[in-house]
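Engineer: This is the structure, below, for whatever I ask next.
The values are calculated or read from the model by the stated rules, or taken from the named source; none is laboratory data. Computed from a predicted model, the values in this text were never measured in an experiment. Note: ideal-geometry Cβ built from the backbone for every residue, glycine included; neighbour counts use all protein chains shown. In case anyone asks, the SASA skips ligands and DNA or RNA and just uses the protein heavy atoms, side chains included. Shrake-Rupley method; radii C 1.70, N 1.55, O 1.52, S 1.80 Å.
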Amino acid sequence: MNRKNFLKFSIYFAFFALLLGGVWGQTNWIGTNGTAWDDPGNWDSGLPAPGNEPSIPVVASNWPSTVNTSMPTGWTSLTIDNGAQATIPVEISINSITNNGDLTLDANITLSGSLTGTGTSTINADITTTGAQTYDGAVTLGATVVLTANSTVTFNDEVIGSSNSLTIEGNAKFNGEVVAGSLEVNGTSAINADITTTGAQTYDGAVTLGATVVLTADGTVTFNDEVIGSSNSLSITGDAVFGDEDTDTITGVKELTVTGTSTINTTTITTTGAQTYTGAVTLGADVVLTTDSIVTFNGTVAGNSKNLTIT
């Protein structure tokens, strides 16, 4: 390659490297001028452009938490590094967020991808994703929250809701304990830990138990689809409604205990261990209770002209 062509190649290469790095590359937060997301001086390469993949590293002198005019948008992704913090104060719409630090959401966000990461999350607004939402760290609810996902919302640590309610529009997986005002899941639920609410718990889709589970509610725990016990025990501290139609069977449960009232609208409840109903029982269908042990009623049974068979 002659000198002229070499110089021409070098110029082209430098131009494209700059273009790729500045537009489609990663821009890091440095926080020189304060906490405003939309201040170009707070980023090492100026304000991240649409298509960029900005990162919040642990070396930041000020954590991003405010805006002067409007939140930048159109990013491919946003990453919060381990040990870093970020607060999203206004509504945004980007592709995806990876939170390995401490993320606070004070406004609704819409992601065309997913929300993942190992960090903790404080959620004060609704989150909508076309992909999955995975929370490996503890989640704190600071308001009534709706999480919407076309895939699964997974909690791998505790959910601290206090008196705030949580609604999941999609499937849910609970691998850590949940404390909330009320809980509603419109899709399927995989429950691998205890759940406590001051209000009702409503599971519209099929429920699968992955461990011995205690569901505690000052309201009613309602199952509007089947419950698959997978040889695990289920205890309900409060009132319970089993099914909204007769095909919503309860099967594979080891032991079943309800301390409050029970409304049984399914035709089948099958356990390998005991079934204990402490409060009054109301039948909404012809029911067969099957156990290898004993079925105990400590309250009244209102049959409503339905048949009850115990095998």
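Engineer: Helix 3-19 versus the longest principal axis of the chain: what angle, 0 to 90°, nearest 10, using Cα atoms?
Structural biologist: 40 degrees
Engineer: Only four residue types carry charge here, +1 at the Cβ of Lys and Arg and -1 at the Cβ of Asp and Glu. Report the dipole size of the chain about the Cα centre in Debye, rounded to the nearest 20.
Structural biologist: 1180 debye
Engineer: Next up: Using DSSP, restrict attention to beta bridges with both residues in the chain and report what percent are antiparallel, rounded to the nearest 5.
Structural biologist: For the chain, the DSSP antiparallel bridge percentage is about 0.
Engineer: While we're looking at this one, here's another question. If the viscosity is 0.890 mPa s and the temperature 25 °C, what Stokes-Einstein diffusion coefficient in µm²/s follows for region 224-303 when Rh is the Kirkwood radius over Cα pairs?
Structural biologist: 203 µm²/s
Engineer: Just need the relative contact order of region 169-311 here, percent rounded to a whole number, with Cα pairs under 8 Å and 6+ apart.
Structural biologist: Relative contact order for region 169-311 comes out at 14 percent.
Engineer: With a cut-off of 8 Å between alpha carbons and a minimum separation of six or more residues, what is the relative contact order of the chain in percent?
Structural biologist: 6 percent
Engineer: Okay, moving on. Determine, at each q value in 0.11, 0.16, 0.18, 0.20 (inverse angstroms), the log₁₀ of I(q)/I(0) that the Debye formula gives when each Cα of region 39-131 is one equal point scatterer.
Structural biologist: Relative scattering, expressed as log10 I(q)/I(0), comes to -0.27, -0.59, -0.77, -0.98.
Engineer: If you roll a 1.4 angstrom probe over the protein chains with everything in place, what fraction of the accessible area of region 209-311 belongs to carbon and sulfur, to the nearest %?
Structural biologist: Ligands and nucleic acids excluded, carbon and sulfur reach 46 percent.
Engineer: Can you compute the modelled spin-label distance between A274 and V301, with each label point 7 Å from Cα toward Cβ, in nm?
Structural biologist: Reported label-point gap for A274 and V301 is 1.7 nm.
Engineer: To the nearest 0.05, how large is the calculated FRET efficiency for Q26 and V59 if R₀ is 22 Å and r is the Cβ-Cβ distance?
Structural biologist: 0.95
Engineer: Give me the one-decimal nm value for the distance between modelled label points at T118 and E177, 7 Å along each residue's Cα-to-Cβ direction.
Structural biologist: Roughly 2.4 nm, to one decimal.
Engineer: For region 174-183, just list the computed ³J(HN,Hα) in residue order, Karplus coefficients 6.51, -1.76 and 1.60, θ = phi - 60°, integers in Hz, with x standing in for Gly and Pro.
Structural biologist: Result, rounded to whole Hz: 10, 9, x, 5, 10, 10, 8, x, 8, 9.
Engineer: With N set to the residue count of the chain, report its C-alpha Rg divided by 2.2 N^0.38 Å to two decimal places. Don't skip to the end; give the middle numbers.
Structural biologist: On the way: Rg = 25.9 Å, N = 311, 2.2 N^0.38 = 19.5 Å.
It is 1.33.
Engineer: Something else: Which is farthest toward the positive dipole end of the chain among P72, P48, V241, measuring Cα position about the Cα centre, with Cβ charges +1 (Lys, Arg) and -1 (Asp, Glu)?
Structural biologist: The listed residue farthest towards the positive side: P48.
Engineer: Let me ask another. In terms of solvent-accessible area of protein heavy atoms at a 1.4 angstrom probe, what is the ranking of V213, V67, highest value first?
Structural biologist: Accessible-area ranking of V213, V67, largest first: V67, V213.
Engineer: In addition: Could you tell me the calculated FRET efficiency between S151 and S70, based on Cβ-Cβ distance and R0 = 30 angstrom, to the nearest 0.05?
Structural biologist: Values: r = 30 Å, r/R0 = 0.98.
It comes out at approximately 0.50.
Engineer: Taking a ≥ b ≥ c as the square roots of the eigenvalues of the Cα gyration tensor of region 78-142, is the shape rounded (a/c under 1.5), prolate (a/b larger than b/c) or oblate?
Structural biologist: Note, shape of region 78-142 comes out rounded.
Engineer: Skip the ligands, DNA and RNA, and give the accessible area per residue of region 128-271 with a 1.4 Å probe, whole Å². Could the numbers behind the result be given before it?
Structural biologist: On the way: 4840 Å² over 144 residues.
Solvent-accessible surface per residue comes out at 34 Å².
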